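Here is the structure we will look at.
The values are calculated or read from the model by the stated rules, or taken from the named source; none is laboratory data. These numbers come from a predicted model, not from an experiment. Heads up, the Cβs are rebuilt from the backbone with ideal geometry, glycines too, and the neighbour counts pull from every protein chain shown. Protein only, heavy atoms only, side chains kept; ligands, DNA and RNA dropped before computing areas. Shrake-Rupley method; radii C 1.70, N 1.55, O 1.52, S 1.80 Å.
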Amino acid sequence: LPLPVETAIGAVEVPWELAFQPNRGAPAKIALDKLASWSDSTDSGVKYFSGNGVYSKNIQAPADWFKTGAHILLDLGDVKNLAEVSVNGKSLGIFWKKPFRVDVTAALKPGANAMEIKVTNLWVNRLVGDQQPGAPRKYTYTAQQFYRADSPLLPSGLLGPVEIIRTQ
């Protein structure tokens, strides 16, 4: 049985809109001109955020992406730490390990498509953020202090690159 042939047929470029779970210190929404770790942000609400962030993007799928018998995959690149992918309102599952590849064949259509990628990161960055001097408020409470203000932050979010791959 021959292995399927993979062909990169597109990249999902910036900009992305990113909406954060409310009441956790981050802004409601931000526009991204590049994919990067939340922990690299200059906005402390984003930098120390822990929870769900929803990346939204509309993409155009040219008719020549669709070939009989082929599958179309969305390759998310690197994700920290979980991703739930929806295309045109259809949930395609939760992905928690590499490769972060999603078969979007049943949901993607020629023309305009709405894509949402909900990413959930670990709790560490919020715990570190709550230890920062002058932090406006504390969002988390633990019985024991595992992290200090100078503890390293963990990468978070959709890091990419995000690509469209066809397999035949």
Requested in this report: At 1.4 Å probe size, with no ligands or nucleic acids counted, give the accessible surface of residue 65 in Å², nearest ten.
Outcome: 30
Query raised in the report: Counting only heavy atoms of protein chains, what accessible area per residue, in Å², does the chain have with a probe of 1.4 Å?
Result: 56
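What is the local net charge at residue 66, summed over the other residues whose Cβ is closer than 11 Å to its Cβ (Lys, Arg +1; Asp, Glu -1)?
Details: positive: 67, 109, 166; negative: 64.
Result for the neighbourhood of residue 66: +2.
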**Report entry** Listed residues 22, 56, 41: farthest to the positive end of the dipole of the stretch 20-86 (Cβ charges)
**Finding:** 22
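Which percent of the accessible area of the stretch 40-168 is formed by carbon and sulfur heavy atoms (probe 1.4 angstrom)?
54
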Query - Pairs of Lys in the stretch 29-168 closer than 17 Å at Cα, counting only those 8 or more apart or on different chains - result: 20
Query - Unit Cα scatterers, Debye sum, the stretch 1-49: log10 I(q)/I(0) for q = 0.27, 0.30 Å⁻¹ - result: -1.06, -1.19
Query raised in the report: Taking the Cα centre of the chain as origin and charging only Cβ (+1 Lys, Arg; -1 Asp, Glu), how large is the dipole, in debye to the nearest 20?
Result: 440
Requested in this report: Evaluate Rg over Rh across the stretch 1-100, taking Cα atoms for both radii and Kirkwood's formula for Rh.
Outcome: 1.02
Requested in this report: Note down the accessible area of residue 67, probe 1.4 Å, to the nearest 10 Å².
Outcome: 90
Query raised in the report: Can you pull the Rg over Rh of the chain, Cα-only, Kirkwood?
Result: 1.05
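Using alpha-carbon pairs under 8 Å, 6+ residues apart, how would you state the relative contact order of the chain in percent?
Details: 379 pairs, mean separation 55.3, N = 168.
So the answer I get is 33 percent.
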